[in-house]
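Reviewing the structure listed below.
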Amino acid sequence: MGSFMIKNLDLYYGDFHALKNINMTIPEREITAFIGPSGCGKSTLLKSLNRMNDLVPSCRIEGDISLDGEDIYQKNYDVNLLRKRVGMVFQQPNPFPMSIYDNICYGPRTHGIHDKKTLDEIVERSLKQAAIWDEVKDKLKKNALKVSGGQQQRLCIARALAVEPEVLLMDEPTSALDPISTSKIEELVQSLKEQYTIIMVTHNMQQAARVSDNTAFFLSGEVCEFGKTEQIFTIPQDERTEAYITGRFG
C-alpha cells in the first residue's frame, strides 16, 4: 500500500496562495518526481503529504489528501502514525549527533521497540536496504557525523526505512552531494521502489528522467502536467511543460 489521492487541494501561507487546485493520484510502489522552477510549490506539496506543514502557524489547507483511501487531514487522525507510514529524507543530510547504530534505532525505540536482538536486526536490515551496510558494519559505534556526506544521506534513508514506512518522501536528496554519491542514491532509489512508494522533489530534470516512473511539472503553485515520465519528457501536452524541459525558461 502507499497510494496518495489529492483532490481540489489549495494551500495558503497567510494570504499567499501557495498551491492552487491540485488534483493527482500518486500510485504505490512507483517513483514520482516533482519538477519545476524554485518556489513553484514542489516541496510545499511534498511536506503536505506527511503534514510537516502543520508546523507552520500561518498554513491553511483546503481540499483532500488521502492515503490508501483515508483522509490524512481528518480530525483525530494520528499524525505520529502518519509519519511512521510516510518517512522523509531532506536536502541536507541530517544524521543525529549520535552513533550510526543509535541513529537507525531512534525511530523503532520511539515506537516502543527496545529488545537488543530486534534492534540489531532492524539496524542490519535498514543499512542493507540503504546499500551502506558493507561500508559501516564495523563502525556502528562511530558518530554518524564523522562519515562522508554521501554516506550520511544513505544513513538518513536507512533511518527512515527502520520504522518500515510505506512511502518515502525525498526533498532534493542529492542536491548537496557529489556525482558519485548522487549516482549511488539514484541506484538505491530505483531498488527501493519494489517495496516503497517514492515521491522525489528534484531540480535536476535529467535525474527525474533517469529514475522516475511519473513526473509532475509545477509552475506558480499549479500542476501544469502530470503523467508518465517518458510522455512528459518526449511529448508534453502543455506548452509550459515543453518550454521548461527544453530550457526556454526556469
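The values are calculated or read from the model by the stated rules, or taken from the named source; none is laboratory data. Not measured: the values here are computed from a predicted model. Backbone-built Cβ (ideal geometry, glycine too); neighbour counts: all protein chains shown.
For S66, work out the one condition from (1) at pLDDT below 95; (2) of a type in the set (S, T, N, Q); (3) under 17 Å from the mean Cα position of the chain (by Cα) it doesn't fulfil. For S66, the failing item is (1).
Residues in segment 1-11 that are exposed (fewer than 15 other Cβ atoms within 10 Å of the Cβ) and at pLDDT 95 or above were compared, and the one that is nearest to V189 (Cα to Cα) is K7. Scanning for something under 29 Å from I72 (Cβ atoms), buried (at least 20 other Cβ atoms within 10 Å of the Cβ) and either modelled with pLDDT under 95 or out of contact with any helix residue (DSSP H, G or I) (no Cβ under 9 Å at 6 or more places or on another chain) (or both), does segment 174-184 turn up at least one residue? Yes, there is a match, as at least one residue in segment 174-184 is under 29 Å from I72 (Cβ atoms), buried (at least 20 other Cβ atoms within 10 Å of the Cβ) and either modelled with pLDDT under 95 or out of contact with any helix residue (DSSP H, G or I) (no Cβ under 9 Å at 6 or more places or on another chain) (or both). The set of residues in segment 157-173 that are touching a Pro at 6+ places or on another chain (Cβ under 8 Å), over 12 Å from L192 (Cα atoms) and buried (at least 24 other Cβ atoms within 10 Å of the Cβ) comprises R159, A162. The set of residues in segment 1-19 being over 21 Å from the mean Cα position of the chain (by Cα) and in contact (Cβ under 8 Å) with a residue 12 or more places away in the chain consists of N8, Y12, Y13, G14, H17.
Restricted to segment 107-215, the set of helices (runs of 4 or more DSSP H) holding at least 3 residues that are more than 16 Å from K84 (Cβ to Cβ), out of contact with any Asp or Glu (no Cβ under 9 Å at 6 or more places or on another chain) and in contact (Cβ under 8 Å) with a residue 40 or more places away in the chain comprises 149-161, 179-192. Tallying residues that are surrounded by fewer than 18 Cβ atoms within 10 Å (Cβ to Cβ), in contact with a Gly (Cβ under 9 Å, 6 or more places away or on another chain) and more than 25 Å from H17 (Cα to Cα) within segment 194-236 yields 0.
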